[in-house]
Each structure stands twice: as structure tokens, then as C-alpha cells.
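Contents: one structure, followed by commentary.
The values are calculated or read from the model by the stated rules, or taken from the named source; none is laboratory data. Because the structure is predicted, anything quoted here is derived from the model rather than measured. We place every Cβ from the backbone using ideal geometry, glycine too, and count neighbours over all the protein chains shown.
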Amino acid sequence: MPLQFKNLNVQYRVSGSPDDRATALDNISIKINEGECVSVVGESGSGKSTLALASMKLLAPSAVMTGQVLVGGTDISSLSDSEMETIRWNDIAIVFQNYGDVLNPVHRIIDQIAEPLIKNGESRSSALDRSRRMLDYLKIKEGRDVLYPHQISAGERQRVLMAMALITDPGILVLDEPVASVDAITKSHLAKVINEQVDAGKAVLLITHDLSFVPLCSCRCEVLYFGSILESLPSHELLDAPRHPYTRALVRSFPMMERAKDLAGVRGVPPSMFSRSSERSCCIFQPRCTQSLGDCSQKVPQAVPREGAGSAGDDCGYVVCHRGGIATMISVKDVSKSYKDLLVLSDVSLTLDEGEILALVGETGSGKTTLAYTIAGTIKPDAGEILFRGRSVLDIDRKEFAKTVGIVYQSPRDSISHRFTVFEAIAEPLQIHKEFDDKSHGRIKDALREVQLPDDEYFLQKYPHELSGGELQRVAIARALILAPDLLIADESTSFLDPSVQAKVLRLLLDLQNERGISMLFVTHDIGVARKVSDRIAVLHGGDIVENAPSHRVIANPEHPYTKQLIGVAKGGS
Amino acid sequence: MRNRAVKMVAAYLLTILFLLFLNFLLPRLLPGDAIIAMYSGHEMAMTEEVYEELVRMHGLDLPLHEQFLTYITQLAHGDLGYSYISNAPTAELIMGALPWTLLLVGTSFILSAIAGIVLGVESSWRRGGRFDRSLLTFMLLLDGIPSLALGIMALMIFCLHFGWFPSTGAMTPYSGAEGIGHIKDVLWHLVLPLATLTLSMIPGDYLLIRNSMMLTIREPYVLTARAKGIKKRRIKYLHAARNAILPFSTRIGIRIAYIITGALFIEKIFAYPGLGCLTYSAISNRDLPLMQGILTVSVLIVLLINIVVDMMYKKIDPRVENAY
Amino acid sequence: MHIKPFKDFKNDKIGVTGLVLILLLITTAILAPVIAPYDPWDYSAPAFQPPSGEHPLGTNDIGYDIYSELLWSLRTSILFGIAVAAIACTIGLVLGVSAALIGGMYDMIVMRIADALLAIPTIMILILIAAYFKPSTIVLVIALSLVLWQTTARGVRAQTLSLKTKLYVKAANNMGAPTSYTMHRHIMPELFPLYAMGFVTKARTAVFMEAGLSFLGIFDPTTKSLGIMMSYAMRYLYLDVWWNWLLPPVIALSLLIISLGFISYAIEEIFDPRLRRNNATPI
């Protein structure tokens, strides 16, 4: 039977006065049909557990619930406790988080599983029999069932909880972090069990923070952020193509086997308990969003249809964002460029989203540098067009556009004049754009601090030849970022550095990107470095883009032979 | 498993021996003379010969270790000494009084445990509500009134003022009643002492269970039980109380000691012929052998109960691997 | 979790009631020599006088003023209770901490003795001692303390053992702190709740014991005691004196024990935050 939440709102009374309320869930609407599994993804404090408890009307007395919870079509929000007793476990069952004494320590396991059956009037022997068979299905060995909860392992306990939930064959299953505490083998077994139950016609609500488990079992995924759903998307797109800035940040924070890019947290701090309700007047994610506009702090955004990776016409879910999710910053369409008779770029198309790190990988002469500078507006393409936030780059005033793009070059010693002191080097963009004033001194010091260099007068007066390669590259980065550009182009920025220095500079770039939310174009010949830094890799070969996919996909399943070759070489083969 | 049981029994035996030794040693530590202390309250002429005779009678002229040996052997034979004051073997006197005490204390313990558990469970379940708050305050007040005071008040009100119940004894003397009549008579005499003793015990049990339940109710498995749609009463007792009982069981020994203390006073007040009353007369008569005998018996009983509870504990709490 | 005991105690109605009551009783007791209208050891009026303006509670069978007797008896009970509680708690604290810190054979011996003592009904030992020795009050105080120290010792030992392994204690030791510093700065503050609880509980038991033992006639009959008053009053039940002679000590005793019970309940609630009444319950 289906489970549906309609405009569900849950608040907790914090103190005596009725006005002191903390919002746990704000206007949640989710529909799970029979034979469907929907996962709800979120961090701790997002309200996931509240959702689970609300589905069975088990909220604490201090909770105030409005809206509807429809179990098989019946609204349970108005039912009494004794009426709920029949519905609980017969129509809807829950697998709680396996934490602490979730099973009664003084009852045997098989008794706890048989208990709901006996409550329904079944005879004790028949109930025990069925329980025994259910435990078999969950792969609990014979003889383990007469033990007590403390005598079995955590993995077995999780399976016992699952068996207990399935014993009455309820139409709806709610799973609260069912694989948080189990090993890989149990995990895959439980995934199989869940899929079998879904195929048998159950409606399953899967609550988890394990992003790799989501596509294993569920078809749809709802992303919950402190009581509000920010994105609803097909599960298989979660890791590859999140469309909401928060979802993307979440995916970036999740350790995946295939992905080598370092983890980055979500910048900023979580919202306080009291600012989560609908009475607020802005987008709940706005304080932490790196692409927020004016509207975002003025109005609460509505849900808009989401562009998915599937074909048009598929329901790809929705996104709650004024900008419709992650916006595209740069759109390159069929760009070609040749030098004399050499075709450097031929019909190249790609996109770069706001806040995305795209690595352009290729050997010398592949056209990657040309492409980067074409995007920067320095080189004019022979054909095709380049759109920056919807406007053609050629239409934008060059000087203005230069402010939005920061470039870090390969050789810092060459890109910074040997006559300039550190101070003068970083001040140069300000001078060029006539923005140098009394505040600039402070700005330059801030910039130095941000790249983790000293900001005292002594350092400011140093000349390039007095600094090491790594320090100088940092100065270059500070210079590139001083005008707060939206796009940073790193052109082979680490090739000339020692590995240890390279590591630090890469780390710095990643942190800056996460903090400021700027988009990054990372040009390199080293696919190994590319995968540590980028969200997406585009491989250029002979003027064409032969591969363009999320980094972990490219590394795990390269499609083009050239990519395979690159990876093979990077791994140490011939 | 056997090893553990052996260790446990050994520990208990050691404790018993220790206590017996204490029991044996105390009178012999009296400042001054044992005989003089024992018979100082009695009107008799203490001449040299009588003194010598008494010393010999009590075996006080033998070396210490021999005395102890005699003491132990006597004990093993069930001989608890002889009360010269009442002119009867101590064991006989004790055996005459023991059943009455067992009846009083045993029934009272069970009744107060049941009442304390039920009230504690229901109170904690409704925690903060009117029922809980008023019951809690009432129990705290009741707890403060010592069994002594309760007994006195009960005596005054129900015996003297209303005359509903007898004020002394366990049976109506010389009634010669048999069968049902006898039982009814005994019950009639039992009511007040039983009621007072039980009342004095209930608050302690109630508070223990209530506190334990308040912690148990928060445990995750109670939420699990609710989610399973189990009926409230079953959750309260089979799921929650079943766990809340555990701290209570560990304290049964202490509760027994406590109830015996209370029984002492109640028996005296109602002249109920149990061990308590006997103790009182032993004290007033300065009957040392009798007192020693009573102490031995009560210590043995308490220890026995402790052993039984210890052995049963594994059944109650499957999480316990070994108690010793 | 940090607990602010005094602040919380102020908010606890039961605890405050208990505290107020006991303070009242203690003040009365201390001031007994001052406020008692007559010397309770002296004949002051004919026997069995009913309550009057001069003798608010009348006189007893010998002609002593009952009210004065009451005040002095209260004094005895309270002094006795405090003395026993203090001595017993201190013994328990010292033995418990030393057992935990020294460990080994010493620990085992102390614990075995504690176990053995726990099994015996306290009153039996007291009765025996009292009957054998016909002791003075001081000896009785010491005797009772010797029987009551085990619960505190056990609790203190367990707490100290667990504290020994706590990281912040180890950190202090690593920083070079001598044992005295660790004791004073880290361990003692944690033991305070146990001591406080133990003190109140033992005081309660002591008051009860004193009254009970005097009632049974074991105590020195010349001291003024609530128990003795009660036992004498009971002999004259057939006269109509029960309500001015028997009842007052009964009520006084009950009030004393109740107030201590309230305080101990409040202390228990405060130091175990899980038992707090205003915590949200899942039910």
C-alpha cells in the first residue's frame, strides 16, 4: 500500500511558551507508491528520524504535527493511540537505527520476532515457526535465534531488526539507516532483501546518509536539508548529476571508492533550530550557497522541474532553487580554431557549471590551452560561440570580463615581473582596474592570509627571487583572486612544482574553491592530478573532446582508447 | 560454571564463619566480667561458689579456641545454647517464634513488593501527571514515618479507639479454635501488624521501581515495542518493568534486612510473638545466650536469601555472565 | 554534562521543602536550651497535667514538662544523626578512596568486610552491642557509624576507580601532578554527590535507629530521646494522654525523617539528570 506525506510540518516545543518552537520538518510532501522505494538523504539534524517517527505516529509528546500522513490512503494524523495499535506493524513497519538497546535485552530474539504475530492472534508454535523461517531468509543461522540480543553481532542484530519488520508482511516499510553499522557483505545482502520486498509490492521509505546505497535500492531520492526538501531526483543521477548546490556539496563530501577527488565539506554553518520554518523569508540554503543572487535572500524558492540526464519527457524530479538548481556558467558550442593550417580546435562543445571544477586534460598541442583562453575571451574562435551566463563572451566588454576571470599560469617566475614586490604583484589587478584605494592595503593582506602566506610588511616587500616556487605560485593565486572572479583558470599551475609543493598548492586551490564557490578550469596534461582536483574531466585529443564525464566515471570506465592510454600511462604501465 | 559456583559458596561460607566468630567473640569482649554482666540484673546472691559454677556452666573457664570449637560443634548440631533465664534451650524458643515472624515478614515482603512494583510502574508511566505527582508526594511522606511511628499510630487508632483489631498476640489465647476458625483468628490478629509493616515498606519499593522505570522507559526498545503495536499494558510490564526490576533484585538482600528491622518494632508494639518480640524480652532480661542464638539464626536466614537471589540472578538478567 | 547543583536545588519544590523543614528543626534543636521553658530533668509541675498556658503540652508521669522534653529530645536525635552521618561518611570516603587507589590485598579485604557487614540486619548488631555493653551515647554513635559506612565506601570506590581511568586525570598525571593535586582537583569534586547523598541517607537511618533503640529501652534512660518519650507514653495508653504526650514525639520524629527524605530525593534527582522531571519523555 502507498505511503504519502502531504504538507507535513513537525515542530518541537522547546520550552514552556507556545512560541518557542524548533522546526524539524517544513512542508514535506513525498509520495511512495506500491512497489516503489524512495530514499531520503540528509545529514544529522536534517529531520530524517523525525520523518520516520512521524510515519508511524511515534513522535514525542512535545512535537506538534500538522499536515497529513497517509498510510494506504488513511490519514493517521487524527487517529488515537489504540487505533494506531492495529495499524502499527500490520500495515506499516519500521526498522530502527541499530544503536543501543533497540532490542529488549531480556527477551530472546525469536520471541521478539514472534511477538507481533502472537499479538495478532496466531498460536505460539506457528508464530515461532514462521519466525524461524524468516530468520533463515535473513541468513541468521540455526541456533542463533534462541540467544539474547547482546550475544549476537551488530550485523546479525541489523538483520534481526529487518526480520522483525518483515514478519507481518506489512504493506509499507520504513528503514532508518539500515546499513549504517554493517559490513559490506551484510550490506549487499540487505540490498537484495530490500529489492525483493519492493518487487513484491511494498512501498519502501529508505532513510540513509550512505549515498552509494541509494542507487542500489531506490528509484527516487529526496534530498533533505534541515527540514526542507531541496531536490528530488532519480537515484542513479545522484552521484553523477546533482542539480542543487547542496546536493552537489553533499556528494562531494561523500567518500566513494571510485572518486579520488579529496573530500570537501559544505561551507558555512548549519541553520539554527529556529530559522528553519517557513516563516523565514529566504531560501534556507542561501547563507551557505555559493551562487546565490538577490532573490535568494528575499523570497522562499519554489520547486521547479529539474533538467535531468535522461531524455526529455522523463520525470526527472524537481529542484527547489530560484535559479533552477546549479546554473550553467559557461556554454561552449561548436567552437573551432585553427592557426594557419593547423586545426587546433574542431567543433568543440562543453559546459561549465557554477561552482564546478572542470579539468581539461590533453597532451601538448591537443588544444587545451587554446580552449581555455578562448573561454577566457583572450582568443577569438573561428566558429561557434561561447556563452558566459547566457551572454556571448564577445558581447561583453573585455575589461569587465577580465575582472570575472582569474588566471594562474604555469610558471610563477615568468608570470610575475621580477621588478615587482609581493605587494605590487598582488596590487596589479587593482591598479589596472583603477580600484586601488586606502582599503587596498587591507585587501592585499587578506589575500595573502587566504593563501596562507605571511601578511607582515617584511614579506610584502620581498622580491620574487627571494621566494621559493611554491610561495611564488601562492602569490600568483592571491593575485588572481584579489578581484573576486567567478572563474579561475589554472593553466598547468602545478607542473613546475615539486610534488610536495604541488600537493599543498592543489589543496589550497580546492579549499579556496569550496569556500568561495568559484568555478575552476584546471588545464593539465596529468590525468592523475586531474582526478584529485576535478568534478568533471574533459579529455582533448587532436582538437576534439573525446571524453567528457564526471571524474570518477572517466577513471573507472574510460570509453575512448586515448583516455585508456592516458590512464594506463599514469598508472605506470607502458 | 562449576568453578564459579564453588567460588560463590566458598565466599559465603567465609562470611558465615566470620560472622559466627564475631558473634562468639563479642560477649567475651565485655568490659568487666561476662558472668557479672549477664547476671547483674538478677536478684541472686553472687557468692564465690555460684560464680565458679556459672563460669563452668557457660564454659568460660576453657581456653578460647576450645570454646569456639564447642560453639561451632554445638551449632552444627542445631544447639544454639541454653537460656538459663527462660530455662529452655534457645533453639526451642527460637523455633517457637520463628514461624510467626516468617509469616509476618514473608507476606509483608511479597505484598509490598507487588504493590510497590505496580504503583511504581503506573506512576512512572504517567510521569509528571497528577497521579504521579500526588502519589509521589504521598509516598515520600509515608516513607518518612518510621515503622515505629506507624505501628504506634495504628495501635492507637484501630485498637484503642475503634477496637476493631486485637492489640496483642497472634492468636486469641485459650480459644481452642480449630481449622477455619483457627485460620480466621490468626488472620484477624495478623491484619494490623501486617498492614503496618507492609505500609512502611511500600514507599521504598515504590521509589526504587519508579526511578528504575524512568530510566528504562527512555530505552530504545520501548519505542520499538510501541512501534510493533504491542498493547500498552504488555509494554509496561513485560517490556519495561521486566528490565526495571533488575536493580530492585540486587537490593533484595538489603530490603530483607530492612524489613526485619521494621518487624522488630512492629512485633514489640503489637506484642506479636515472633522473633522480634523474643529479642525484646531477651534484651530486657539480659538473656545473652538467647540473643546470640537469635542473631545467629537471623544472620543465617539473611545469608541464605542472599545466596538464593544470587543464584537466581542469571535467570532474571541474561546479560550477567557471572556474579562472582 | 555539567550540573549546577545549587541552582537546580532551588527549583526543586520537594527539596526546598525538606531543606526548610530540617533547618527549622535544627534551629529549634540548637536553641533548645534557650527556648525550653523548663528544665526537662526537673520536676516542674504535678504529673499528668493537661496542656495549658504554662505547659503547652502538659506534663508526663513524673511531672516533667513535655514540651521541654520534646525540644531536648529533638536535639538529641539531630545531634546523633549528624554525628553518625559525618563519621560514617568520612570512614566510607577514606576507606573507599584508599581501597580504589591502593588496590590489591587491601582493597579485597576492605570489600569483603563491607560485603559481610551488608548482609546483617543492622539493628541486630546494634541491639547486641547495646545489650552487651550498655554503652554511652558516644559508643553507640561510633558503633552505628561502623555499620553504616559500607554503602558510601562501595560507591566511592567504584567512582574513584572509574575516575582513575579518565583521560583528564591521566593528563594531569602526565603533566606531573602529584596525587594530592589530582585528589583535590579532580576526584573529590566528583565524589561530592556521593558524600552528600550518603550523608543525608545515613542521617535518616541514624535518627530512626536512635529513636528505635531508645524505644526498645537499650539506650541510656537519662538522655532525652524521642524514642524514650514514646515508649514511656505507651505505658499509659489507658489514660487519655496519648494525644499530647505520645503524638508530639511521633510527629516530630516523622517530620525529621520526612524532611531528610525529601532532601535525599531532591539530591538524587539533581545529580542524575536522567531522572529530572522536566525532561521530555518519548512516551
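At a glance:
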read-out: Qualifying positions in region A:130-160 - in contact (Cβ under 8 Å) with a residue 40 or more places away in the chain, within 14 Å of chain B (Cβ to nearest Cβ) and part of a loop (DSSP other than H, G, I, E, B); value: A:TYR148, A:ILE152
read-out: Selected residue (criterion: nearest to the chain's Cα centre (by Cα)) from residues of region B:202-242 that are facing another protein chain (nearest Cβ under 10 Å) and surrounded by fewer than 19 Cβ atoms within 10 Å (Cβ to Cβ); value: B:ARG242
read-out: Of residues in region B:274-316 being surrounded by fewer than 19 Cβ atoms within 10 Å (Cβ to Cβ) and not in a helix (DSSP H, G or I), the one nearest to the other protein chains (Cβ to nearest Cβ); value: B:ARG286
read-out: Count - residues of region A:222-260 that are over 12 Å from the mean Cα position of the chain (by Cα), buried (at least 20 other Cβ atoms within 10 Å of the Cβ) and either under 23 Å from A:SER534 (Cβ atoms) or without any contact (Cβ under 8 Å) to a residue 24 or more places away in the chain (or both); value: 2
read-out: The one condition in (1) buried (at least 17 other Cβ atoms within 10 Å of the Cβ); (2) more than 7 Å from every other protein chain (Cβ to nearest Cβ); (3) farther than 27 Å from A:VAL69 by Cα; (4) not aliphatic (A, V, I, L, M) that A:ASN104 fails to fulfil; value: (2)
read-out: Among residues of region C:219-251, those that are facing another protein chain (nearest Cβ under 10 Å) and either farther than 23 Å from B:SER284 by Cβ or part of a helix (DSSP H, G or I) (or both), counted; value: 13
read-out: Some residue of region A:253-269 being in contact with a strand residue (DSSP E or B) (Cβ under 9 Å, 6 or more places away or on another chain), outside the structural domain of A:ALA556 (by TED's automatic domain parsing), in a loop (DSSP other than H, G, I, E, B) and at pLDDT below 85; value: yes
read-out: Where a residue in region C:258-269 is closer than 15 Å to B:ILE145 by Cβ and its partner, wherever it lies, is assigned to a helix (DSSP H, G or I) and of a type in the set (Lys, Arg), with Cβ under 7 Å and at least six apart; value: C:LEU260/C:ARG204; C:GLY261/C:ARG204
read-out: Test: residue in region A:461-468 that is touching a Leu at 6+ places or on another chain (Cβ under 7 Å) and either of a type outside the set (Phe, Trp, Tyr) or assigned to a loop (DSSP other than H, G, I, E, B) (or both); value: yes
read-out: Extreme residue, surrounded by the most Cβ atoms within 10 Å (Cβ to Cβ), among residues of region B:139-163 that are at the interface with another protein chain (Cβ under 7 Å from one of its Cβ atoms) and not in a helix (DSSP H, G or I); value: B:PRO146
read-out: Residue in region A:77-93 that is buried (at least 22 other Cβ atoms within 10 Å of the Cβ), farther than 17 Å from A:ILE172 by Cα and out of contact with any Leu (no Cβ under 9 Å at 6 or more places or on another chain) present; value: no
read-out: Test: residue in region B:202-217 that is outside any helix (DSSP H, G or I), touching a Pro at 6+ places or on another chain (Cβ under 9 Å) and within 30 Å of A:LEU79 (Cα to Cα); value: no
read-out: Unique residue being out of contact with any Pro (no Cβ under 8 Å at 6 or more places or on another chain), under 22 Å from A:LEU508 (Cα atoms), assigned by TED's automatic domain parsing to the domain that holds A:SER417 and at pLDDT 85 or above when the list is A:ASP438, A:ASP455; value: A:ASP455
read-out: Residue under evaluation A:ASN98, criteria (1) polar (S, T, N, Q); (2) touching an Asp or Glu at 6+ places or on another chain (Cβ under 7 Å); (3) at the interface with chain B (Cβ under 10 Å from one of its Cβ atoms), criterion not met; value: (2)
read-out: Residues within region A:107-126 that are free of Cβ contacts under 8 Å to residues at least 40 places away in the same chain, aliphatic (A, V, I, L, M) and within 13 Å of another protein chain (Cβ to nearest Cβ), tallied; value: 1
read-out: Unique match (being in the same structural domain as A:LEU175 (by TED's automatic domain parsing) and more than 16 Å from A:ILE94 (Cα to Cα)) among A:SER55, A:SER49, A:SER62; value: A:SER62
read-out: Residue satisfying condition, being at negative phi and at pLDDT 85 or above, within set C:LEU128, C:LEU118, C:LEU95; value: C:LEU95
read-out: Helices (runs of 4 or more DSSP H) completely within region A:344-447 that count 1 or more residues being surrounded by 13 or more Cβ atoms within 10 Å (Cβ to Cβ) and within 28 Å of the chain's Cα centre (by Cα); value: A:368-376, A:398-404
read-out: Flag if B:SER134 is part of a helix (DSSP H, G or I) and either hydrophobic (A, V, I, L, M, F, W, C) or closer than 22 Å to B:PRO247 by Cβ (or both); value: no
read-out: Region B:261-273, residues that are more than 7 Å from every other protein chain (Cβ to nearest Cβ) and part of a helix (DSSP H, G or I); value: B:GLY262, B:ALA263, B:ILE266, B:GLU267, B:ILE269, B:PHE270
read-out: Residue satisfying condition, being modelled with pLDDT of 80 or more, within 14 Å of chain B (Cβ to nearest Cβ), part of a helix (DSSP H, G or I) and under 28 Å from C:ILE82 (Cβ atoms), within set C:ALA196, C:ALA158; value: C:ALA158
read-out: Matching entry among B:ARG255, B:ARG218, B:ARG242 (being under 22 Å from B:SER108 (Cβ atoms) and among the basic types (Lys, Arg)); value: B:ARG255
read-out: Verdict on C:ILE187 being at pLDDT 75 or above, aliphatic (A, V, I, L, M), part of a helix (DSSP H, G or I) and more than 30 Å from C:LEU74 (Cβ to Cβ); value: yes
